[in-house]
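Visitor: Here it is, the structure, as structure tokens.
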Amino acid sequence: MLSSIPKPIVIAGLLTLIAAGVFALRPGGPGQTETDAAKAAVARRDFDGAVATLETLLARHDTAEARLLAAQAARRGGRDDAAERHLAAYVQLGGDRDTAELERAIRRSQNGDLTGAGGVTKFAADNPALPHATAMLEALARGFMAARRPREAVATLDALLAREASPADRAEWLFWRGEMFMGMARGTEAAADLRAAIRLRDDHAGARLALVKMLSRDEPLEALPHLEWLDAHGHRGPAVRLELARCHRHLGDTAAAAAVIADLVAARPADPDVLTEAGAIELARGRPAAAEGHLTTALAAAPDRYETTALMARCLQELGRGPEAKQMLDTLRKIEADMDRKTNAPKEKP
Amino acid sequence: MKRFPLAAGAVALALAAGGVWYATRPKPAPVVEQPPPAETPTGPAVFEDVTAGSGVAAVYRNGEEADRFTILESLGGGVAVLDYDGDGRLDLFFPGGGSMAGDPPQIRGLPGKLFRNLGDWKFEDVTAKAGLGGPLFYTHGAAAADYDRDGFPDLLVTGWGRTVLYRNVPDGAGGRRFTDVSAKAGLTDARWPTSAAWGDLDGDGFPDLYVCHYVDWTFANDPACPGAARDVARDVCPPQKFQPLRHRLYRNRADGTFEDVTAKAPLRPDGKGLGVVVADLNADGRPDIYVANDAGENFLYYNRGDLKFEERGRADGAALDDIGLYNGSMGVDVADFDGSGRPAVWVANFQGEVHALYRNIGAAGFRHDSQAAGVARLGRQFVGFGTAFVDYDNDGWEDLAVTNGHVLRFPAGAPLKQRPVLLRNEEHGGRRQFREVPGLGGLYFRGQYGGRGLAVADLDDDGRPDLVVTHQNEPAVLLRNVAETGHRWLGISLAGRDKRDVAGATVTLEVSGRKLTRFARGGGSYLSTSDPRLRFGLGAADKVGRLTVRWPHGKEEVFEGLQPGAYWRVGEGTGKAE
């Protein structure tokens with residue numbers, strides 16, 4: 001029978017069998033490919049991909065180790081239900097109960113339950129080599145961010161960034177710290193972190209968008225390539241378009257700015273951010289009458305906005321309507337005084 | 001032989017399996033280095049550093065070596081350009097700064113230096129001979145003007161705790177020297193004056209005096225401030241830590257003395273003043289005053305006559321930035337950059353802010369126009385100080401020069417030493433815009449410095465404006481304009497009737513269908529005084545039309561028959577240009 005099969009086909013079949021044997025007998029066994037792929041996905045912070053890969057493996061070969069990995073990946077990806085499901089299965093398969101409880105504590109911390117924050121920080125500092133410590137610190141940082149406690153978030157991210165980590169993790173932590181700095185009005189440090197995040201992960205759209213929100217006004221020449229990258233990669237939402245219009249205005253290209261903002265105004269005719277920028281662009285084009293319409297609508301939607309009020313004062317001044325401009329300047333002073341009062345008010349303890 | 005294909009195939013497939021394994025291993029994300037954005041360098045160099053061999057050796061010392069981190073050391077010093085000996089060549093005076101030593105600390109002054117221009121880019125140190133060896137105090141600024149109308153420029157030197165007025169007098173040997181007349185003149189202010197501007201504000205022909213004051217810092221009011229970066233324990237305090245000192249306005253009584261008219265004017269009580277310029281900003285014939293304040297809104301004082309002023313900075317759109325915030329402002333200048341015939345105001349600002357170009361839109365005041373004019377392309381890393389409009393290529397459009405350098409010892413997000421900036425006035429999209437042309441300025445503009453003072457002066461009278469720049473603790477530089485544009489030029493030296501002060505004059509030259517407008521100014525830039533002559537770049541035009549001068553507090557006068565390629569002395573009431 002074998003002799004009736006042409007020799008080349010027999011040889012090919014044998015070779016295939018040998019190859020399959022080599023592949024199956026490599027260290028780690030048949031499940032190792034998925035596990036490694038999942039770990040690689042985690043290193044890339046592709047948590048959904050990691051969970052999917054592990055679930056493929058679990059359907060064929062359910063192990064406690066894979067369940068724990070899946071629980072951790074699901075938790076880091078923000079899928080708490082899946083995380084708990086995998087963790088419960090992990091325990092059923094004989095997984096260590098303390099490890100499961102630790103993972104649950106990390107999840108609570110990630111979701112803003114910061115009761116054990118001090119202990120976590122100390123544990124991480126005392127055990128710099130433990131991988132768990134990194135997971136705990138990352139969850140704690142996210143917890144502080146969720147709880148709007150930027151100072152503690154920055155301190156935790158400082159500790160995280162001092163540890164060994166994948167480039168993707170480092171990029172993400174830099175992005176988070178950059179966002180925290182932005183919220184703390186520490187723009188220089190924010191920009192430095194966001195730039196560093198993009199250097200580590202060129203495709204980090206979130207970092208690019210956060211950066212252009214700062215740079216389209218401050219460093220428009222630097223902002224423009226980021227905006228072009230976002231556009232080329234399909235990020236064409238209103239936030240990106242608004243920054244693009246602002247960037248063009250700050251580059252002195254008011255015609256391009258006007259073209260971008262016209263579409264945005266048509267799409268979002270009551271958005272005070274869009275209307276304020278539209279007013280600023282018309283003022284830059286020397287068209288205060290056109291600016292007034294946009295600014296009036298913006299102020300109707302958001303009456304106490306400093307920038308819009310300031311632009312309206314300029315607009316009225318340029319239109320030669322001095323008394324109205326003065327009135328608007330008086331409003332601006334009131335807003336300033338209010339901001340000063342809030343800034344200088346005694347702070348309550350968090 | 002038949003075994004060979006089998007073995008080879010097995011090896012090949014093993015390699016392929018290894019390849020699968022290799023391809024699925026965890027991989028680090030690629031690190032992508034992005035070069036900083038920059039505009040394309042083009043064109044030959046315009047300025048050549050000719051300091052070496054010129055005989056000019058002036059280093060402003062700020063005393064930072066004492067490590068006291070005082071705000072005093074952040075200001076630096078300027079330069080004054082003046083023809084002190086009346087030989088027709090522009091000389092240079094540099095304040096020397098000072099030091100801090102001892103416990104309790106003492107502020108000590110260092111002598112300034114006066115360099116006489118010998119021609120051909122050679123200068124002679126005549127400080128002692130000219131009587132400028134003292135008094136010693138910690139100096140900043142130098143403002144030159146002929147306050148006594150004797151035809152020779154006098155010199156006001158400002159610094160911490162003192163203002164000194166040096167009168168230019170004959171030295172008894174056919175030359176000139178300076179003598180300290182501060183006490184006699186009544187200029188005995190012992191606070192912290194910075195930039196000053198001269199100008200005949202009341203129309204009597206004698207230049208009056210506006211003196212900016214900074215803040216109430218003393219060693220008794222010297223808080224310790226943390227640095228801008230998280231890991232810097234101490235740095236120079238920001239001006240917000242101190243109270244402003246009221247600026248001063250002095251009326252020149254025409255008898256060698258001055259009357260403090262600050263309250264009568266009235267000047268505002270606030271403002272941490274660092275820059276001031278006097279020019280006719282609203283075309284009413286009277287010189288007005290614009291003041292650049294640090295950490296506060298800028299002042300626009302319209303001259304209402306009889307030494308009364310109305311401050312309308314906010315109301316007329318010249319006090320704040322594009323979104324209504326005040327800036328940290330230092331240097332200032334005015335010019336018609338857009339061919340409107342009206343003076344725009346230009347202000348050099350702090351890091352995190354854009355330098356402000358307030359376009360003059362006539363009766364409605366000013367428009368913050370930095371974005372539309374392309375200035376915002378520069379970004380916000382600069383801390384700008386000395387600055388001036390300068391048509392360096394004589395194309396008839398006013399360009400800009402700015403010297404930069406940080407005030408902090410350990411700044412965050414911007415370097416301590418910064419490159420100076422040369423901005424070319426170009427047409428883009430039907431409007432005038434300023435564009436940096438890296439490399440164009442020459443080697444000096446590629447370096448980084450603690451830049452402070454800047455003066456524009458045609459030191460070799462070739463019609464191409466040169467620059468003099470001072471730095472913190474580094475030698476001042478002379479930048480010779482070597483631009484080979486082939487463009488023609490025409491220079492004007494305004495001579496008021498009976499040596500009246502001319503700051504506030506507006507001069508318009510008709511050239512090839514265009515009207516070029518220049519403004520005679522008092523003060524300007526930062527702690528500095530520039531060449532008082534006005535220059536018109538003519539581009540390719542080889543002849544000019546009539547020149548119209550609107551004298552301060554006076555009439556319009558037309559002059560004809562001027563030829564390019566020379567400086568012309570234009571005398572008020574003579575109708576003649578010589």
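The values are calculated or read from the model by the stated rules, or taken from the named source; none is laboratory data. From a predicted model like this one, the values you see are computed outputs, not experimental measurements. Reconstructed Cβ throughout: ideal geometry from the backbone, glycine too, with neighbour counts over all protein chains shown. What goes into the accessible areas is simple: the full protein's heavy atoms, side chains included, and nothing from ligands, DNA or RNA. Shrake-Rupley method; radii C 1.70, N 1.55, O 1.52, S 1.80 Å.
Visitor: Residue under question is A:ALA258, and the condition is that it be out of contact with any Leu (no Cβ under 9 Å at 6 or more places or on another chain), open to solvent by less than 20 Å² (accessible area, probe 1.4 Å) and not polar (S, T, N, Q); does it hold?
Guide: Yes: the conditions hold for A:ALA258.
Visitor: Go through (1) assigned to a helix (DSSP H, G or I); (2) more than 10 Å from chain B (Cβ to nearest Cβ); (3) farther than 28 Å from A:LYS39 by Cα one by one and return the number of the condition A:ARG142 breaks.
Guide: (3)
Visitor: If you don't mind, another one. From B:ASP103, B:ASP85, which residue is in a loop (DSSP other than H, G, I, E, B) and at pLDDT 95 or above?
Guide: On the way: B:ASP103 fails: at pLDDT 95 or above.
Exactly one of B:ASP103, B:ASP85 is in a loop (DSSP other than H, G, I, E, B) and at pLDDT 95 or above, namely B:ASP85.
Visitor: Only one of B:ARG342, B:ARG359, B:ARG314, B:ARG377 is in contact with a helix residue (DSSP H, G or I) (Cβ under 9 Å, 6 or more places away or on another chain) and not in a loop (DSSP other than H, G, I, E, B); which? Break it down stepwise before answering.
Guide: On the way: B:ARG342 fails: not in a loop (DSSP other than H, G, I, E, B); B:ARG359 fails: in contact with a helix residue (DSSP H, G or I) (Cβ under 9 Å, 6 or more places away or on another chain); B:ARG314 fails: not in a loop (DSSP other than H, G, I, E, B).
B:ARG377 is the lone residue from the list that is in contact with a helix residue (DSSP H, G or I) (Cβ under 9 Å, 6 or more places away or on another chain) and not in a loop (DSSP other than H, G, I, E, B).
Visitor: Does region B:203-210 contain any residue that is closer than 28 Å to B:ALA414 by Cβ, assigned to a loop (DSSP other than H, G, I, E, B) and open to solvent by 30 Å² or more (accessible area, probe 1.4 Å)? Lay out the reasoning, then the answer.
Guide: To start, the set of residues in region B:203-210 that are closer than 28 Å to B:ALA414 by Cβ comprises none.
Checked region B:203-210: no residue is closer than 28 Å to B:ALA414 by Cβ, assigned to a loop (DSSP other than H, G, I, E, B) and open to solvent by 30 Å² or more (accessible area, probe 1.4 Å).
Visitor: I need every pair where a residue in region A:306-325 that is on the phi < 0 side of the Ramachandran plot has its Cβ under 7 Å from the Cβ of a residue that is surrounded by fewer than 24 Cβ atoms within 10 Å (Cβ to Cβ) and of a type in the set (S, T, N, Q), sequence separation at least 6 or different chains.
Guide: A:THR309/A:THR331
Visitor: Between a residue in region B:406-430 that is free of Cβ contacts under 8 Å to residues at least 40 places away in the same chain and any residue that is open to solvent by less than 50 Å² (accessible area, probe 1.4 Å) and among the aliphatic types (A, V, I, L, M), which pairs come within a Cβ distance under 6 Å, given they are 6 or more apart or on different chains?
Guide: Between residues of region B:406-430 that are free of Cβ contacts under 8 Å to residues at least 40 places away in the same chain and residues that are open to solvent by less than 50 Å² (accessible area, probe 1.4 Å) and among the aliphatic types (A, V, I, L, M), the close pairs are B:ARG424/B:VAL437.
Visitor: Filter region B:451-474 down to the residues that are among the charged types (D, E, K, R) and either open to solvent by 40 Å² or more (accessible area, probe 1.4 Å) or not in a strand (DSSP E or B) (or both) and list them by number.
Guide: Hits for region B:451-474 are B:ASP458, B:ASP460, B:ASP461, B:ASP462, B:ARG464, B:GLU474.
Visitor: Residue by residue through region B:62-106, note down the ones that are in contact (Cβ under 8 Å) with a residue 40 or more places away in the chain and acidic (Asp, Glu).
Guide: B:GLU64, B:GLU73, B:ASP83, B:ASP85
Visitor: Let me ask you something else. Answer yes or no as to whether A:ASP203 is within 14 Å of another protein chain (Cβ to nearest Cβ), open to solvent by 40 Å² or more (accessible area, probe 1.4 Å) and farther than 26 Å from A:ARG67 by Cβ.
Guide: yes
Visitor: Something else: So, in region B:389-405, exactly how many residues are outside any strand (DSSP E or B) and either free of Cβ contacts under 8 Å to residues at least 24 places away in the same chain or aromatic (Phe, Trp, Tyr) (or both)? Walk me through it before giving the result.
Guide: Just the residues of region B:389-405 that are outside any strand (DSSP E or B), to begin with: B:390-399.
Pick out the ones that are also either free of Cβ contacts under 8 Å to residues at least 24 places away in the same chain or aromatic (Phe, Trp, Tyr) (or both) and you get B:392, B:397.
Matching residues across region B:389-405 total 2.
Visitor: Within region A:38-78, count every residue that is under 20 Å from A:THR99 (Cα atoms) and among the β-branched types (Val, Ile, Thr).
Guide: Summing the residues that are under 20 Å from A:THR99 (Cα atoms) and among the β-branched types (Val, Ile, Thr) in region A:38-78 gives 3.
Visitor: So which of A:LEU137, A:LEU102 ends up being in a helix (DSSP H, G or I), closer than 21 Å to A:ALA74 by Cα, in contact with a His (Cβ under 9 Å, 6 or more places away or on another chain) and not small (Gly, Ala, Ser)?
Guide: On the way: A:LEU137 fails: in contact with a His (Cβ under 9 Å, 6 or more places away or on another chain).
Just one listed residue meets the conditions, A:LEU102.
Visitor: Can you confirm whether region B:325-333 contains a residue that is free of Cβ contacts under 8 Å to residues at least 60 places away in the same chain, farther than 29 Å from B:ARG464 by Cβ, within 11 Å of chain A (Cβ to nearest Cβ) and buried (at least 22 other Cβ atoms within 10 Å of the Cβ)?
Guide: Looking through region B:325-333, none of the residues is free of Cβ contacts under 8 Å to residues at least 60 places away in the same chain, farther than 29 Å from B:ARG464 by Cβ, within 11 Å of chain A (Cβ to nearest Cβ) and buried (at least 22 other Cβ atoms within 10 Å of the Cβ).
Visitor: Residue check: is B:ASP336 over 23 Å from B:PHE242 (Cα atoms), of a type outside the set (Ser, Thr, Tyr) and modelled with pLDDT under 95?
Guide: Spelling it out, it is not the case that B:ASP336 is over 23 Å from B:PHE242 (Cα atoms), of a type outside the set (Ser, Thr, Tyr) and modelled with pLDDT under 95.
Visitor: If you go through region B:408-416 one residue at a time, do you hit one that is assigned to a strand (DSSP E or B) and open to solvent by 10 Å² or more (accessible area, probe 1.4 Å)? Steps first, please.
Guide: Here is the first cut: in region B:408-416, the residues assigned to a strand (DSSP E or B) are none.
Checking region B:408-416: not a single residue is assigned to a strand (DSSP E or B) and open to solvent by 10 Å² or more (accessible area, probe 1.4 Å).
Visitor: What residue, among those in region A:208-223 that are surrounded by 21 or more Cβ atoms within 10 Å (Cβ to Cβ) and among the hydrophobic types (A, V, I, L, M, F, W, C), is farthest from the other protein chains (Cβ to nearest Cβ)?
Guide: Within region A:208-223, the match that is farthest from the other protein chains (Cβ to nearest Cβ) is A:ALA210.
Visitor: Only one of (1) open to solvent by 10 Å² or more (accessible area, probe 1.4 Å); (2) modelled with pLDDT of 95 or more; (3) in a loop (DSSP other than H, G, I, E, B) fails for B:TYR250. Which number is that?
Guide: B:TYR250 satisfies all of (1) open to solvent by 10 Å² or more (accessible area, probe 1.4 Å); (2) modelled with pLDDT of 95 or more; (3) in a loop (DSSP other than H, G, I, E, B) except (3).
Visitor: Could I ask something else about it? Among residues belonging to region A:33-67 that are open to solvent by 50 Å² or more (accessible area, probe 1.4 Å) and in a helix (DSSP H, G or I), point out the one that is nearest to the other protein chains (Cβ to nearest Cβ).
Guide: A:LYS39
Visitor: Confirm whether A:ARG195 is within 12 Å of another protein chain (Cβ to nearest Cβ), modelled with pLDDT of 95 or more, open to solvent by 10 Å² or more (accessible area, probe 1.4 Å) and assigned to a helix (DSSP H, G or I).
Guide: The answer is yes for A:ARG195.
Visitor: Is there a residue in region B:499-514 that is buried (at least 19 other Cβ atoms within 10 Å of the Cβ), of a type in the set (Asp, Glu), closer than 19 Å to B:GLY285 by Cβ and within 26 Å of the chain's Cα centre (by Cα)?
Guide: Yes: region B:499-514 contains one or more residues that are buried (at least 19 other Cβ atoms within 10 Å of the Cβ), of a type in the set (Asp, Glu), closer than 19 Å to B:GLY285 by Cβ and within 26 Å of the chain's Cα centre (by Cα).
Visitor: What do you reckon, is B:PHE350 crowded, with 24+ Cβ neighbours inside 10 Å and within 21 Å of B:ARG377 (Cα to Cα)?
Guide: In short, no.
Visitor: Also: Test of understanding: among A:LEU264, A:LEU283, which residue is modelled with pLDDT of 95 or more, within 30 Å of B:PHE434 (Cα to Cα), more than 14 Å from chain B (Cβ to nearest Cβ) and open to solvent by less than 30 Å² (accessible area, probe 1.4 Å)? Before the answer, list the steps.
Guide: On the way: A:LEU283 fails: more than 14 Å from chain B (Cβ to nearest Cβ).
Going through A:LEU264, A:LEU283 in turn, just one is modelled with pLDDT of 95 or more, within 30 Å of B:PHE434 (Cα to Cα), more than 14 Å from chain B (Cβ to nearest Cβ) and open to solvent by less than 30 Å² (accessible area, probe 1.4 Å): A:LEU264.
Visitor: Answer yes or no as to whether B:VAL477 is crowded, with 24+ Cβ neighbours inside 10 Å and over 22 Å from B:PHE152 (Cα atoms).
Guide: yes
Visitor: B:ILE361 is checked against (1) among the β-branched types (Val, Ile, Thr); (2) under 26 Å from B:GLY96 (Cβ atoms); (3) at the interface with another protein chain (Cβ under 9 Å from one of its Cβ atoms) and fails just one. What number does that condition carry?
Guide: All conditions pass for B:ILE361, except number (2).
Visitor: Evaluate region B:296-304: report whether one residue or more is among the hydroxyl-bearing types (Ser, Thr, Tyr), more than 10 Å from every other protein chain (Cβ to nearest Cβ) and part of a loop (DSSP other than H, G, I, E, B).
Guide: Going residue by residue through region B:296-304, those that are among the hydroxyl-bearing types (Ser, Thr, Tyr) are B:301-302.
Next, only the ones that are more than 10 Å from every other protein chain (Cβ to nearest Cβ) stay: B:301-302.
The next check asks that each one be part of a loop (DSSP other than H, G, I, E, B); those that pass are none.
No, because not a single residue in region B:296-304 is among the hydroxyl-bearing types (Ser, Thr, Tyr), more than 10 Å from every other protein chain (Cβ to nearest Cβ) and part of a loop (DSSP other than H, G, I, E, B).
Visitor: Next up: When B:GLY317 is evaluated against the numbered criteria (1) among the small types (Gly, Ala, Ser); (2) open to solvent by 10 Å² or more (accessible area, probe 1.4 Å); (3) over 25 Å from A:LEU311 (Cα atoms), which criterion, by number, is the only one it fails?
Guide: B:GLY317 satisfies all of (1) among the small types (Gly, Ala, Ser); (2) open to solvent by 10 Å² or more (accessible area, probe 1.4 Å); (3) over 25 Å from A:LEU311 (Cα atoms) except (3).
Visitor: I would also like to ask the following. Among the residues of region B:127-186, which ones are assigned to a helix (DSSP H, G or I) and open to solvent by 40 Å² or more (accessible area, probe 1.4 Å)?
Guide: B:ALA183, B:LYS184
Visitor: Okay, next question. Being assigned to a helix (DSSP H, G or I) and at the interface with chain B (Cβ under 9 Å from one of its Cβ atoms) is the filter; apply it to region A:171-189 and report the residue that is least open to solvent (accessible area, probe 1.4 Å).
Guide: Here the answer is A:ALA171.
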